[in-house]
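Coordinate-derived values only; no laboratory data. All values reported here derive from a predicted model rather than from experimental measurement. Here the Cβ is made from the backbone with ideal geometry for all residues, glycine too, and neighbour counts use every protein chain on show.
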Amino acid sequence: MNTKGHEKKIVKARRVFAPIPLETERIGKAVLDAAFKVHTTLGPGLLETVYETCHAFEIRQSGLLVETQVVQPVVYNGINVDTGFRVDLLVEKCVIVEIKAVEALPPVHEAQLLTYLRLSGIRLGFLINFNVLHLKDGIKRRVV
């Protein structure tokens with residue numbers, strides 16, 4: 001309390017984002033539909049590269065442009081730094097997909113996706129862990 005008896009209020013600012021465009025949402029849905037198809041067909045237990053290749057194939061089957069292992073540059077002090085960052089899937093230049101095949105997703109994997117989103121200026125991303133019994137339990141959607 002201050003000297004006049006009034007409580008000091010702490011207001012936490014909440015960031016407000018513009019909605020994701022409907023076309024980007026449509027592309028995101030196609031990405032998830034393709035992931036479910038791959039997981040239903042293959043199940044858990046394979047290598048990340050297998051899921052990445054099959055997922056990219058299924059997304060392309062839906063008529064969308066997919067780039068794999070896209071170099072994500074980092075600009076530091078005006079210089080491109082070769083860091084070896086590679087986005088697993090970049091769909092229609094508006095959705096990033098990071099694919100994992102691990103026991104559990106540690107926070108560092110989510111931080112990786114958020115970093116790629118921030119560096120690229122892309123707003124919608126999915127972190128998909130195919131090494132789960134039910135794929136819905138392995139999907140994290142992030143918007144920045």
R0 = 25 Å: FRET efficiency of residue 62 with residue 118, Cβ-based, nearest 0.05? 0.35
Would you mind telling me the antiparallel percentage of the DSSP bridges in the chain, rounded to 5? 75
